[in-house]
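Enquirer: Sending over a structure as structure tokens; questions will come in a sec.
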Amino acid sequence: MKDKLHELGEQARGKMAEAGSLEELNEIRVRFLGKKGELTRILRGMGSLSAEERPRVGQVANEVRAALEEELAVRSASLKELVREQKLRSEGIDVTLPGSPGQRGGIHPLNAVLEEIQDIFLGLGYSIAEGPEIETDYYNFEALNLPKDHPARDMQDTFFISGEILLRTQTSPVQVRTMEKTAPELPVKIIAPGKVYRRDDDATHSPMFNQVEGLAVDRRITFSDLKGTLAHFAREMFGGKTITRFRPSYFPFTEPSAEVDVSCVMCGGKGCRVCSHTGWLEILGSGMVHPRVLEVSGYNSEDVTGFAFGMGIERIAMLKYGIDDMRLLFENDLRFLRQF
Amino acid sequence: MKVSYKWLQEFVNIDISPRELADRLTLAGITVEGVKETGEGVSKVITGQIDSISRHPNADKLVVTSVNIGTEKLQIVTAATNVREGDIIPVAVEGAKLASGLAIKRAKLRGVESRGMMCSGQELGIDPKTMSAEQASGIMILPPGARIGEDAKEILGLDDYILELDLTPNRGDCLSIIGVAREVAALLGKPFRLPQPSFGELDEKTEGQVKVDILDRDLCRRFVGRLIKNVRIGSSPLWMQQRLRAAGMRPINNIVDVTNYVMLELGQPMHAFDYNLLQDGHIIVRRVREGEKIITLDGAARDLTPGMLAITDPSGPIAIAGVMGGQSTEVTDKTESILLESAFFNPVSVRRTSKALGLRSEASLRFEKGIDIGGCARAADRAAQLIVEMGSGEASAGRVDRTSETITERVVQFRPSRASYVLGVDIPGETARDILTSLQFKVQDANGDLLVTIPTHRVDVSLEVDLIEEVARMYGYDKAPETLPFGKSTGGMKTIEQAYTTRVRSQLAASGLFEVMTYSFVHPRVFDLMNLPAGSPYRNTLNIQNPLSEEHSVMRTMLLPCLMEVLVRNYNRRVQNGAVFEMGRVFVTRGLDTQPEEKTILAAAAMGCAPGSWNLAPAAFDYYYLKGVLENLFSALRTAPVTFRPESADPSFHPGRTAVLEADGVRLGILGELHPDVLEKYELPVKVTAFELDFNQLLALSGQPADFIPLPKYPGIERDLAVLVKKDIPAEGIFAAIREAGGKLLSDVSLFDIYSGEQVPDGMQSMAFSLKFQAVDRTLTDAEAVEMTNAIAGALAGKFGAELRS
């Protein structure tokens, strides 16, 4: 009987190894280990055994059963794993097909650049000021030390609504408006973005364009502070290795005045087509606020100093993105706008 | 201003190359835009004299010449018609190169050997605009006596470099060679040599023969006259001609050329009158009187207006002061005596006059920036000297010099401590003193500060801060350190408008719209295109007096036409699907002489559909798309509830597909499909949906507090309800009725289907709602949910005659 049991065990093990599916395995379990299975059938014959043989055979029978059950569990687990694998394999998709098209719009590149500029100056403690786009001659010119018939008015060809009302040619009037509101309090630290208008229209000029003005007024604000502020701005805007260069220049409302160049963003200063092989790109005008401008705005110019700067956002956007025609920025071709 | 490198060297020794000089000047604030080599690329061009000219055996239009170039005689075949035997001309010999890059080789022309080419001015790189028509069309003929066998570039003064300056308007003094030379001297630390004209004079005096009266001394602060007798009109020497050409001026004759030459050299505009044509030798400088006219040198008859300053003689105006001379006293071939004028005219007056007449000259350009009042006499002498030296005339003794004042120089204090306060860098007083002295300022010490005398040619310097700039720019801006302001700290702030602008922009971009930026000025026609009636307030525009074109001539009062233009442009470029938005100002007039109200408008327009794909049908950019965009925006901005009221009276919009947006009884804006008439006028064959909102109204509604509602602890129950209702019942009313009937326990209701067609009677539609019931304190039972659903259905039946659909 012991032999029969061992034989049965061998036979069952063999079948289990051959089983190709969980269903087959279950059939084998029922056939050998079920209530009406072969092992039970053999054990039913135990009655014919002697009393001393019975426990020994019983022990063998239990051993065989335990071994088979263990084998069954192992085999069942591996078959389950197999089934799972097959299922996952059959569920595969082409992950290289295009994804569902979401709604994707975009911010105009000029405003994207403006937001970037604003963030840099917000981080330096500047607030953002705004002013009217249609200005008076006084704020656009006279208060900025540009009396009527001043030759420097030729620098800005102006659109007029009437003799005294015009489309502002620069964001600088916001300087005076802000100082008038603030004086005699100190400090004033603002940037003023906005649209400005000049009578020009070609590949590098647009009759409407965007400027950002900056103004810092306090006791003991120096030209060196202007340099440091704009050098910081240039590094933030164009990358940490950007070098700035200050060239003497002239604006009626600043003295001393400076044009600011940055090392060419394309070639890093070696010289290329973009920088006309000079290694430098002119990006903004700046200077120390002219004493007359401080005085008309309500500050004592002996005590209080300040710096101001102004830059064209178009120029900066064009440099940043490598755009070669300013008109593209105002044509609003969706194929252009999608690129930003 | 174009400046000759060689001419500069007459006043200062320059020991660096023209290009290095250009860089140094640029970094000192005198921007040099470019450096040009005159006669660039020209080599082996030699002066030669034509010995003989004979007919070409095989060609009627060619001649065979023999040209003596000193070392040999060359046979040259030419088609030139302006040369004669004895003429001295530039000859490009074998191996020569011309400005165009042309290389000269030995050649046979119609069987006759030619060993070179006679050159025109243009072939030597001379700008044809600076040559007379006669010169420009033929071979360049040099004056008799020019040396033969020499390098023609040298003889013609073409071995030079021209610095092209882009001067700022304050530096009128640098519209002259000596002005630039002063800067160069200061930069290089070299002495500056101011020319001191000396020449022989006749015994007879200018004073007495010329009478000058200045009647309007406010407009003419100085008038210097010099009389030149025995004038022989001819052409000026080559070197002078070349210098004028290099500066972009065309040589005319020896007298005119001298006046121009002195203007370029010293910055003093000059004029020469034919003395014999001057009535009584009497100059009267006065304001124009009513009705006076003049024919100017350019041949134009001009009506003058009172207030303009004129040079007159007893017969009337003979020149417009500082702008242009008159024909009646013009220097001609017959002129025997001239009166040279060297004056100071009021800059504003000259500027106004030249603007009013549309006449800008080299002279007016200088006068309006302010010339050196102290230099008038020197300029008159310099001109006389040149004329005498050239043998073109003889100078009467002395000058007439009328001035309304004693010419004084301003004295300005310079405090090194103040310079440091402004610049943030300590420049020693000694250094400042040296810099100012090198720039020709006279400097005196005064207890550590400096008293600086400003020379009359520096009209741009009048304040201490001007001197600080002078010192800083010569000291070098690069020597100032880079620091940041210190002192009271400030928090960088956006205003609420700005903060919301950023949020609205991001929200709309995330909803699939592209931001655009359009011009604030439009064509007046756009109001017709938008279908607006004659009396529409949008037509009340602010107009630009001097627009670039009608296209951009009125300030916009609405954004939609700008967006329409964007859609049309894209459509015509075959980009036919898209949604765009813009935030920008419109201008509401308050009268011509006041600033208008500037209102910020948020507008959007969309055509076609969103991109579809292999797994997704494209969604139309229609009314419901933009409405969804707005609902999301309102939700993101936490606005007060906004209602969409049907609107059928707006002429720009489709009467059945438009809503006015309102909140708290205030109109926020409009949303709708554009009227088919508008699309037709724009010739756009697709539908467009658009909205325009008043940004400040939107702002006022935004930022409602976010009140926390605890999350439900008990599960809710969802039920669907489908009803048949008449199509013309607005959904808004049905929603309201459902909410009312559902009461507190109805936590959410949404519409998930609308259907009409088969099995739905005509004029009716099936609306399927998803209802969610929820109690805060217990789990609802199915029976309760059924009961409430039935109550809702009952309410809809009662209010709208809705039939329950099973």
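Enquirer: For the protein assembly as shown, what is the accessible area per residue in Å², given a 1.4 Å probe and the full set of protein chains?
Expert: Working: 51290 Å² over 1146 residues.
Roughly 45 Å² per residue, with all protein chains present.
Enquirer: Quantify how strongly other chains surround peptide B:418-427 by giving the mean number of their Cβ atoms within 10 Å of each of its Cβ atoms.
Expert: Working: counts 2, 2, 1, 7, 11, 9, 11, 4, 0, 0.
Per residue, the average neighbour count from other chains is 5.
Enquirer: A follow-up question, please. Roughly what % of DSSP beta bridges within the protein assembly as shown run antiparallel, to the nearest 5?
Expert: Values: 182 of 195 bridges.
Counting DSSP beta bridges with both partners in the protein assembly as shown, the antiparallel share is about 95 percent.
Enquirer: Between B:Lys727 and B:Ala783, what FRET efficiency follows from the Cβ-Cβ distance if R0 is 51 Å, with the result rounded to 0.05?
Expert: Calculated transfer efficiency: 0.90.
Enquirer: Hey, another quick one. Run down the lysines and flag those whose C-alpha is under 17 Å from the C-alpha of B:Lys687, throwing out any fewer than 8 positions away in its chain.
Expert: In chain and number order, the partners are B:Lys627.
Enquirer: Working from Cα positions, state the angle (0 to 90°, nearest 10) between the long axis of helix B:623-637 and the longest principal axis of chain B.
Expert: 90
Enquirer: Can you sort A:Lys227, A:Lys15, B:Lys494, B:Lys479 by 1.4 Å-probe accessible area, starting with the largest?
Expert: B:Lys479, A:Lys15, B:Lys494, A:Lys227
Enquirer: Here is a follow-up. Under the rule of at least 5 residues apart or a separate chain, name every residue whose amide H is placed under 5 Å from the amide H of B:Thr483.
Expert: A:Asp225, A:Lys227, A:Gly228, A:Thr229
Enquirer: Tell me, what % of the accessible area of chain A is carbon and sulfur with a 1.4 angstrom probe?
Expert: Exposed carbon and sulfur together represent 49 percent of the surface.
Enquirer: Sorted from largest to smallest, which semi-axis lengths in Å does the alpha carbon gyration tensor of chain B give for its equivalent ellipsoid, taking the root of 5 times each eigenvalue? Walk me through the numbers on the way to the answer.
Expert: On the way: eigenvalues 1301, 259, 163 Å².
One finds semi-axes of 81, 36, 29 Å for chain B.
Enquirer: Could you derive backbone 3J(HN,Hα) for the stretch B:30-41 from the dihedral phi with the Karplus parameters 6.51, -1.76 and 1.60 (θ = phi - 60°), listing whole Hz in sequence and x where the residue is Gly or Pro?
Expert: 9, 5, 9, 7, x, 10, 10, 8, 6, x, 4, x
Enquirer: Using helices alone, what [θ] at 222 nm do you get for chain A, with -39,500 (n - 2.57) per DSSP H run of 4 or more residues, divided over all residues and rounded to the nearest 500? Walk me through the intermediate numbers first.
Expert: On the way: 12 runs with 142 residues, N = 340.
The helix contribution divided over chain A gives -13000 deg cm²/dmol.
Enquirer: So for the stretch B:201-403, averaging the separation of alpha carbon pairs under 8 Å that are six or more residues apart and normalising by length, what relative contact order in percent results? List each step's numbers first, then the result.
Expert: Working: 460 pairs, mean separation 72.9, N = 203.
Relative contact order for the stretch B:201-403 comes out at 36 percent.
Enquirer: Further question: Nearest 10 degrees, 0 to 90: what angle lies between the long axis of helix A:2-18 and the longest principal axis of chain A (Cα atoms)?
Expert: On a 0 to 90 degree scale, this one is about 30.
Enquirer: At a probe size of 1.4 Å, how large is the accessible area of A:Val83, to the nearest 10 Å²?
Expert: That residue has around 70 Å² of solvent-accessible surface.
Enquirer: As I understand it, the dipole of the stretch B:256-393 uses +1 on the Cβ of Lys and Arg and -1 on the Cβ of Asp and Glu, about the Cα centre. Which of B:Ile338, B:Gly307, B:Val256 lies farthest toward its positive end?
Expert: In the stretch B:256-393, that residue is B:Gly307.
Enquirer: Roll a 1.4 Å probe over the protein heavy atoms and report the accessible area of A:Lys4 in Å², nearest 10.
Expert: Taking all protein chains as shown, A:Lys4 has close to 130 Å².
Enquirer: Can you list residues whose amide H is under 5 Å from B:Glu647's amide H, if they're 5+ apart or on another chain and H is modeled 1.01 Å from N?
Expert: The list, which skips near neighbours in sequence, is B:Thr658, B:Ala659, B:Val660.
Enquirer: Show me, for the stretch B:431-448, the HN-Hα J-couplings you get by feeding each phi into the Karplus relation (A = 6.51, B = -1.76, C = 1.60, θ = phi - 60°), rounded to Hz, glycine and proline as x.
Expert: Couplings: 5, 4, 4, 5, 4, 5, 5, 5, 8, 6, 7, 9, 10, 10, 7, 9, 6, x Hz.
Enquirer: Have a look at B:Ala706, B:Val422, B:Ala640 and report the one farthest towards the positive end of the charge dipole of the protein assembly as shown, computed about the Cα centre with Cβ charges (Lys/Arg +1, Asp/Glu -1).
Expert: B:Ala706
Enquirer: Given the -39500 (n - 2.57) contribution per DSSP H run of 4+ residues, what per-residue ellipticity at 222 nm results for chain B, rounded to the nearest 500 deg cm²/dmol?
Expert: Values: 21 runs with 211 residues, N = 806.
After summing the helix terms and dividing by the residues of chain B, the value is -7500 deg cm²/dmol.
Enquirer: Give me the inter-chain shielding for A:150-158: mean count of other chain Cβ atoms within 10 Å, whole number please.
Expert: 4
Enquirer: Can you give the charge dipole size of the protein assembly as shown about its Cα centre, rounded to the nearest 20 debye, using +1 on the beta carbon of Lys and Arg and -1 on the beta carbon of Asp and Glu? Walk me through the intermediate numbers first.
Expert: Working: 131 positive and 155 negative charges, 390 e Å.
The dipole of the protein assembly as shown has a size of about 1880 debye.
Enquirer: Calculate the mean, over all residues of peptide A:244-257, of how many other protein chain Cβ atoms lie within 10 angstrom of the residue's Cβ.
Expert: Across A:244-257, the average partner-chain Cβ count within 10 Å equals 6.
Enquirer: Give the shape of the stretch B:288-425 as rounded, prolate or oblate, defined through the alpha-carbon gyration tensor: a ≥ b ≥ c are the square roots of its eigenvalues, a/c under 1.5 means rounded, and otherwise the shape is prolate if a/b is larger than b/c and oblate if not. Display every interim value, and only then the final one.
Expert: Working: a/c = 2.47, a/b = 1.47, b/c = 1.68.
It is oblate, given that a/c is not under 1.5 and a/b is not larger than b/c.
Enquirer: Largest first, how would B:Ser328, B:Ser342, B:Ser613, A:Ser48 line up by accessible area (1.4 Å probe)?
Expert: A:Ser48, B:Ser328, B:Ser613, B:Ser342
Enquirer: If you line up the long axis of helix B:560-572 against the longest principal axis of chain B, both from Cα atoms, how many degrees apart are they, to the nearest 10?
Expert: Helix B:560-572 and the main axis of chain B meet at about 80 degrees.
Enquirer: Another question, if that's okay. Kindly sort B:Asp593, B:Asp748, B:Asp216 by accessible area of their heavy atoms, largest first, with the probe set to 1.4 Å. It would help to have the intermediate numbers written out before the result.
Expert: Working: B:Asp593 115, B:Asp748 90, B:Asp216 30 Å².
Putting B:Asp593, B:Asp748, B:Asp216 in descending order of accessible area: B:Asp593, B:Asp748, B:Asp216.
Enquirer: Here is a further query. Just to be sure I understand the model, the point goes 7 Å from the Cα along the line to the Cβ. What's the resulting A:Arg335 to B:Thr437 distance in nm?
Expert: Label at A:Arg335, label at B:Thr437, 6.8 nm between them.
Enquirer: In nm, to one decimal, how far is the B:Arg232 label point from the B:Asn82 one, both placed 7 Å along Cα→Cβ?
Expert: Simple spin-label model gives 2.4 nm for this pair.
Enquirer: Another question, if that's okay. Treating only the Cβ of Lys, Arg, Asp and Glu as charged (+1, +1, -1, -1), what charge dipole size does the stretch B:598-662 show about its Cα centre? Round to the nearest 20 debye. All intermediate terms of the calculation are to be shown ahead of the outcome.
Expert: Details: 5 positive and 6 negative charges, 23 e Å.
Dipole about the Cα centre, nearest 20: 120 debye.
Enquirer: Taking R0 as 30 Å, what FRET efficiency do you get between B:Phe199 and B:Glu409 from their Cβ-Cβ distance, rounded to the nearest 0.05? Intermediate values should be presented prior to the final figure.
Expert: Values: r = 27 Å, r/R0 = 0.91.
My answer for the efficiency is 0.65.
Enquirer: Pairs of Cα atoms under 8 Å, at least six residues apart: use those to get the relative contact order of the stretch B:411-474, whole percent. Can you show the working numbers first?
Expert: Details: 76 pairs, mean separation 24.9, N = 64.
Contact order relative to length: 39 percent.
Enquirer: Additional query: Starting from the stretch B:628-709, pick out the chymotrypsin sites (Phe, Trp or Tyr not before Pro) whose DSSP state is loop and whose Cβ has at most 14 other Cβ atoms within 10 Å.
Expert: Working: sites: B:Phe634, B:Phe644, B:Phe653, B:Tyr682, B:Phe691, B:Phe695, B:Phe708; in loops: B:Tyr682, B:Phe708.
In loop regions of the stretch B:628-709 (DSSP not H, G, I, E or B), the sparsely surrounded chymotrypsin sites (Phe, Trp or Tyr not before Pro) are B:Phe708.
Enquirer: Roughly how many nanometres apart are two label points built 7 Å out from the Cα toward the Cβ at B:Ala636 and B:Asp753?
Expert: In this crude label model, B:Ala636 to B:Asp753 measures out at 3.2 nm.
Enquirer: Can I ask one more? Mind putting a number on the dipole of chain A about its Cα centre? Charges go on the C-beta only, +1 for Lys and Arg and -1 for Asp and Glu, and I need it in Debye to the nearest 20.
Expert: 1940
Enquirer: Residues with amide H under 5 Å of B:Cys609's amide H, sequence separation 5 or more or different chain, H placed in the peptide plane at 1.01 Å from N; which?
Expert: For B:Cys609, whose amide H was placed from the backbone, the distant partners under 5 Å are B:Gly578, B:Phe621.
Enquirer: Sticking with this one: Could you tally the net charge around B:Asp593, taking each other residue with its Cβ under 15 Å from the Cβ of B:Asp593, Lys/Arg +1 and Asp/Glu -1? Show your work: numbers first, answer last.
Expert: Values: positive: B:Arg590; negative: A:Glu135, A:Asp137, A:Glu164, B:Glu597.
Around B:Asp593, the surrounding residues sum to -3.
Enquirer: Determine the relative contact order of chain A: mean sequence separation of Cα pairs under 8 Å and six or more apart, normalised by residue count, in whole percent.
Expert: On the way: 507 pairs, mean separation 49.4, N = 340.
Answer for chain A is 15 percent.
Enquirer: Using DSSP to define loop residues, name the GluC sites (Glu not before Pro) in the stretch B:647-741 whose beta-carbon has at most 16 other beta-carbon atoms within 10 Å. Display every interim value, and only then the final one.
Expert: On the way: sites: B:Glu647, B:Glu662, B:Glu673, B:Glu680, B:Glu683, B:Glu692, B:Glu718, B:Glu732, B:Glu740; in loops: B:Glu647, B:Glu683.
Sparse-neighbourhood loop GluC sites (Glu not before Pro): B:Glu683.
The values are calculated or read from the model by the stated rules, or taken from the named source; none is laboratory data. Worth saying up front: this structure is predicted, and the values here are computed from it rather than measured. Neighbour counts run over all protein chains shown; Cβ positions are idealised from the backbone, glycine included. For accessibility, only protein heavy atoms count, side chains too; no ligands or nucleic acids. Shrake-Rupley method; radii C 1.70, N 1.55, O 1.52, S 1.80 Å.
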